[in-house]
Every structure is written in structure tokens, then in C-alpha cells.
Amino acid sequence: MSENSVSARAAAWPTSRGARGVPRTWAAPSFRRRLQLGLAAIWLLDAVLQLQSFMFGKGFSQMLAGMAAGNPGFIADPITWSARLVADHPTWANAAFASVQLFLAVGIAWRPAVKVALAASIPWALGVWWAGEGLGGVLAGTANPVMGGPGAVIIYALLAVLLWPTDRDGPFEAARPFGATPARLLWLILWGSLAWFAIGPAASRASQAMRNMIAGMASGEPGWLASLDRNAANLVAGQGTTVAVVLAAVLGLVAAGVFLPVPGARAALVLAVVVAAVIWVVGENLGGILTGSGTDPNTGPLLILLAAAYWPATRRKAIP
């Protein structure tokens, strides 16, 4: 199934005439193209969030500076320098950040520029992962999947690689650039790391750790979401170790699930979507985008988009 293949639905769309009277048929975007457009939409949301008034005050630079805590010096020093630069030039810095993210969104959405934009998004995402997320707390020992560890921005880079335009075929969209085995290994590494971070840091296994993390997210949220946080926090009170172990086991099943036959792989991907959605709402609070200070929607939507890229392909016969 190539990038230019026409689905049955597209083939049935009414034709029009070009400038020379040649019949033209509008082709609906392929599934791969829809995934790319989903990634573009998230980049666009990031650009809009970067233009919030909070970003132009002291709060954003202080948020960046806080990412240095617990990191080794060679990671923390560039973060501190970046935060100081933003503090000194908040208007220009945030306008530049928003402009880059808008460029990436428009470039991915505009087919002629998709390769350039996807390629540019990789070093940008890696830079933001370092300077903006402190590597997601991986080296600081604070990474936890419930709070968005190991960082949302690294998944942008992964999606840019797996959704690269190609005419190669594959058993699922993420397999088309490099093959099924490398794609499955990337999935295993990502979700396996989530399983490890769920149970690895000692703080996540403390009896009240999970309760405290979730309860702490209620500040600044709308009433309905803050209430959901408090109820969820009460539900896991005193059960930090149990919750961490169960979560790690579920994430481990998801990590290994893509190696199963098609029915098992689909079940694992459905489980991945459910887990990502729950974490996004309860743990990540929609990335804090309702507080006026959120910079991105966090990992939830990206993990769901990634799961869609691994969904086993369904063969369709085009109507001649």
C-alpha cells in the first residue's frame, strides 16, 4: 500500500475536470497521511500554547530553570543558561519558540514540505527535551510515566522517524520506513522504559508517592479536573507500591504486545490507548493546558498517535 494508493471511498468521490479537461479524482488522505496530520495538529497546539501570557512573564523561565534540579552538571548548566536567556528576552524567545513550532506544524501539514519539517522537528525536539524538559527526569531519577516521564518531546522525534514519507510497504505504518523488526524494537524500548520508570525510582514505590503526585496536580486546574485528581489520589492513598507494580506490569505487557500475532498485537495496542488516555487525564491533567501555563499536551495524545501507527494494516481492494 503506497503513499498514493486510493481507497475505495476516495475512488467513489465525484470527479472534476482539470485545466485541460483531464478527469481528476480527489483522493482522501491515506492512513499514514492522517497520522502525519495528527502530529502536525499537536505541533500547532504547542505553538498556540507558547503564545500564552504566562510564557512572556517570569513563570516560564522559572519553570525551565527548575528542570535543572537533580541533573548532572553537563545537563543542568545548559538548562540554566537557556532559562536565563529566556528571562532576559522573554518576548523574542517565546515568539521564536512559537514560530518554530508553527513552522513545523504547517510544514508537516503541507505535503511538499513534509520531509523538511519532519527532519527539522527531530533536532528541535531533542533540544527541547534537553533544555526544556531536563531529559524528562531520566538522569535525575524523577521520571515517572504518570507524570509524563521520560518526557513528551522525545516522542515527537520518534514519530517523525516512524511517519517518514515512503512508498515501502509494511505490516503497519510505523514499519514502513525501516521494517517491522526495528519498529517493534523502538516500541519495546519506549514502553519498556515506561514500565521501568513506573517502578524504578524509589519515590514511586513509597506508599503515599502516587497519591502525592496526583493530588499535587490539582492546583490551578478547573474544578471538575481538580475534583477528579482528589478522588483519584484518595483511591490510591497508601497503595503506592501496589499501584507502581501493577502499572509496570501493564506497561510491560504493552511493550511486548507488538511481537504477538495480529489479534494479540491489536489487544496490546488497545490497552496502550486506554492506559495513555487514563494517564493523560488523571496523571498529566491534559498536559496542564487548562491552567494557562501548559506548554504541550504531554505524552498521552502522542502515545495514542504512536499506537495508531502500529495498528496492523488492513488490506483493501481498490475499486477500478
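The values are calculated or read from the model by the stated rules, or taken from the named source; none is laboratory data. None of the values given here were measured: they were computed from a predicted structure. Neighbour counts run over all protein chains shown; Cβ positions are idealised from the backbone, glycine included.
General remarks:
- For region 291-319, the set of residues classified as of a type in the set (A, V, I, L, M, F, W, C) and modelled with pLDDT of 85 or more consists of Leu302, Leu303, Ile304, Leu305, Leu306, Ala307, Ala308, Ala309, Trp311, Ala313, listed by residue number.
- Check on Ile189, modelled with pLDDT of 90 or more and buried (at least 18 other Cβ atoms within 10 Å of the Cβ): no
- Among the residues of this structure, Val281 does not count as one that is over 24 Å from Ala47 (Cα atoms) and in a helix (DSSP H, G or I).
- Subset of region 207-228 [assigned to a helix (DSSP H, G or I) and at pLDDT below 85]: Ala209, Met210, Arg211, Asn212, Met213, Ile214, Ala215, Gly216
- Selection status of Leu271, farther than 21 Å from Val153 by Cα, modelled with pLDDT of 95 or more and either of a type outside the set (D, E, K, R) or crowded, with 21+ Cβ neighbours inside 10 Å (or both): yes
- Residue that is nearest to the chain's Cα centre (by Cα) [pool: residues in region 177-186 that are surrounded by 17 or more Cβ atoms within 10 Å (Cβ to Cβ) and modelled with pLDDT of 95 or more]: Leu186
- Residue match in region 126-147 (condition: within 23 Å of Leu303 (Cβ to Cβ) and among the hydroxyl-bearing types (Ser, Thr, Tyr)): yes
- Residue within region 124-139 that is under 30 Å from Gln239 (Cα atoms), assigned to a helix (DSSP H, G or I) and free of Cβ contacts under 8 Å to residues at least 60 places away in the same chain present: yes
- Hits in region 140-169 - residues which are at negative phi, part of a loop (DSSP other than H, G, I, E, B) and over 12 Å from the mean Cα position of the chain (by Cα): Ala140, Thr142, Ala143, Asn144, Leu163, Trp164, Pro165, Thr166, Asp167, Arg168, Asp169
- One residue alone among Ser61, Ser53 is more than 26 Å from Leu159 (Cα to Cα), among the polar types (S, T, N, Q) and surrounded by 14 or more Cβ atoms within 10 Å (Cβ to Cβ), and that residue is Ser61.
- From the options Gly107, Gly141, Gly149, residue that is of a type outside the set (A, V, I, L, M), modelled with pLDDT under 95 and surrounded by 16 or more Cβ atoms within 10 Å (Cβ to Cβ): Gly149
- Taking the conditions (1) at pLDDT below 90; (2) under 30 Å from Arg34 (Cβ atoms) in turn, Gly70 satisfies each one other than (2).
- Verdict on Trp196 being under 21 Å from Ala256 (Cα atoms) and crowded, with 19+ Cβ neighbours inside 10 Å: no
- Within region 243-278, tally of residues that are in contact (Cβ under 8 Å) with a residue 40 or more places away in the chain, out of contact with any Phe, Trp or Tyr (no Cβ under 6 Å at 6 or more places or on another chain) and not in a helix (DSSP H, G or I): 1
- Scanning region 135-180 for residues that are among the basic types (Lys, Arg) and touching a helix residue (DSSP H, G or I) at 6+ places or on another chain (Cβ under 8 Å) turns up just one, Arg176.
- Thr295 vs. criteria in a loop (DSSP other than H, G, I, E, B) and within 26 Å of Ala160 (Cβ to Cβ): yes
- Among the candidates Ala10, Ala19, Ala27, residue that is modelled with pLDDT under 90, surrounded by 12 or more Cβ atoms within 10 Å (Cβ to Cβ) and either over 25 Å from Ile108 (Cβ atoms) or in contact with a strand residue (DSSP E or B) (Cβ under 8 Å, 6 or more places away or on another chain) (or both): Ala10
- Any pair with Cβ under 9 angstrom, 6 or more apart, that starts in region 217-240 at a residue that is within 14 Å of Ile279 (Cβ to Cβ) and ends at one that is of a type in the set (Asp, Glu) and crowded, with 19+ Cβ neighbours inside 10 Å: Met217/Asp229; Met217/Glu284
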